[in-house]
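Student: Sending over a structure as structure tokens; questions will come in a sec.
No lab work stands behind these numbers, since they all come straight from the coordinates. Just so you know, these numbers come straight off a predicted model, no measurement behind them. Ideal geometry is used to build each Cβ from the backbone, glycine not excepted, and the neighbour counts take in all protein chains shown.
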Amino acid sequence: MAEWFTREEAETDPEFGILPENRSAEELLDEGIVIVDKPFGPTSNQVSTWIKEELDVKKTGHFGTLDPNATGVLPVALNSATRLNEALAEADKEYVFEAELQDEKSEERIREELNKFEGINKQVPPEKSAVKREEREREVYSISFIEKQGEKILGKVRCESGFYVRILIDQLGEKLDTGAEMTELRRTIQGEITEDEASKIQDVVDQYHFHLEDEDTSLDEIIYPREKAVEHLSKVAVKDSAVNAVANGADLGASGISKLQGDISEGETISVMTLKGELIALAEAQMNSQSLYEEEGTAATLKSVHMDPKTYPKRWKQK
């Protein structure tokens, strides 16, 4: 996790707001995120609907679609947390894939051709995709060969959102002068969320019913605070005195910042947090990290607000 840099020391009043990890079960059900280990078979929409019905919430939405035959990390937002879709759906992802070649090739040759995919790749989305079918560029940050058994190969790729692993497999087959078909795909990471944090659907259902039978049974093993959706974003933490204004839609002034995290670039989407770690809003940075640390003026313009404006009062005594 990136280091925090302090622009101005500030304290936070424990009377207002709450540490995300201390939210009640009711609050988690209203604005939390369930990280599902999606099984083979159902669509992502079906999984989202099951969670909605089983947890008896009004609304759910999944962040980043997995095909029916793919498994792994599928974050499902509850109620108001569904508004964070853009932040997490566009996060980088990691996949483990299995592919079957029509002809067996040497490990050395497979490694050589896989390595060529690292960097910028041009792809045309498949016919069944929900996006416009025009050539676009997506980056592969890393790709590696894991093992092979005969014609079957296992690999891992870390890539930009919107990259199609199935197309990579097709292109790999062409480079190897043979056919190639993806036989398995598992998402292991999305943003900062890993498969170790994902729960099987039945485990989610069981834990929820345990909670209904005994209110002392915690839900934090299956439902994460909404802040989980922005862990991968660079952040600024604002003074208590600035929270109410931002929560009411005001753009963030640099003087309201207490500390910042990450290498922020102008134009980048960042999360605006309280000193307790609560998400207030998503915003577009109007300065880079150095300027945010040193200068005055408009630090960020708001894109969306995710905190009840009544959480913190309008005026604060200077601490």
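Student: Pairs of alpha-carbon atoms within less than 8 angstrom and 6+ residues apart define the contacts here; what relative contact order does segment 1-142 have, in percent?
Tutor: 18 percent
Student: Suppose a student asked you for the relative contact order of the chain, using Cα pairs under 8 Å spaced at least 6 residues apart; what percent would you report?
Tutor: Worked out over the chain, it gives 21 percent.
Student: Which lysines have a Cα lying under 23 Å from the Cα of K128, excluding residues fewer than 8 positions away in the same chain?
Tutor: Those lysines meeting the cut-off are K38, K93.
Student: Using the count of nearby Cβ atoms within 10 Å as a rough guide to exposure, how do H306, H232, H209 rank from fewest to most?
Tutor: So the ranking, lowest neighbour count to highest, is H209, H232, H306.
Student: For the chain, what does -39500 (n - 2.57) per DSSP helix run (n ≥ 4), summed and divided by total residues, give at 222 nm, in deg cm²/dmol to the nearest 500?
Tutor: It comes out at -6000 deg cm²/dmol, rounded to the nearest 500.
Student: Something else about it: Before anything else, pin down the relative contact order of segment 93-190: Cα pairs under 8 Å, at least 6 apart, normalised by residue count, whole percent.
Tutor: 44 percent
Student: In whole angstrom, how far apart do the alpha carbon centroids of segment 165-235 and segment 253-283 sit?
Tutor: Between the Cα centres of segment 165-235 and segment 253-283 lies a distance of 26 Å.
Student: Straight distance only, please: which aspartates and glutamates reach the Cα of K148 with their own Cα at less than 16 Å, same-chain residues fewer than 8 apart left out?
Tutor: Partners within reach: E98, E100, D103, E104, E107, E108, E112, E113, E181, E184.
Student: What is the sum of charges around E295, taking Lys and Arg as +1, Asp and Glu as -1, for the other residues whose C-beta is under 14 Å from the C-beta of E295?
Tutor: -3
Student: For K310, go through the lysines and keep the ones whose alpha-carbon is under 17 Å away, minus same-chain ones fewer than eight residues off.
Tutor: K239, K276
Student: Let me ask another. Say R0 is 22 Å: what FRET efficiency, to the nearest 0.05, do E27 and E197 get from their beta-carbon distance?
Tutor: Working from the Cβ atoms, E equals 0.70.
Student: In a solvent-free Debye calculation with one equal scatterer on each Cα, what is log10 I(q)/I(0) for segment 93-190 at q = 0.11, 0.12 Å⁻¹, listed in the order of the q values?
Tutor: -0.29, -0.35
Student: Most mobile of E213, E296, E137 per a Gaussian network model of the chain (Cα springs, under 10 Å)?
Tutor: In this elastic network of the chain, the residue with the biggest mean-square fluctuation among E213, E296, E137 is E213.
Student: So, one more: If you wrap a convex hull around the C-alpha atoms of segment 159-254 and split its volume per residue, what is the figure in Å³?
Tutor: Residue-normalised Cα hull volume stands at 179 Å³.
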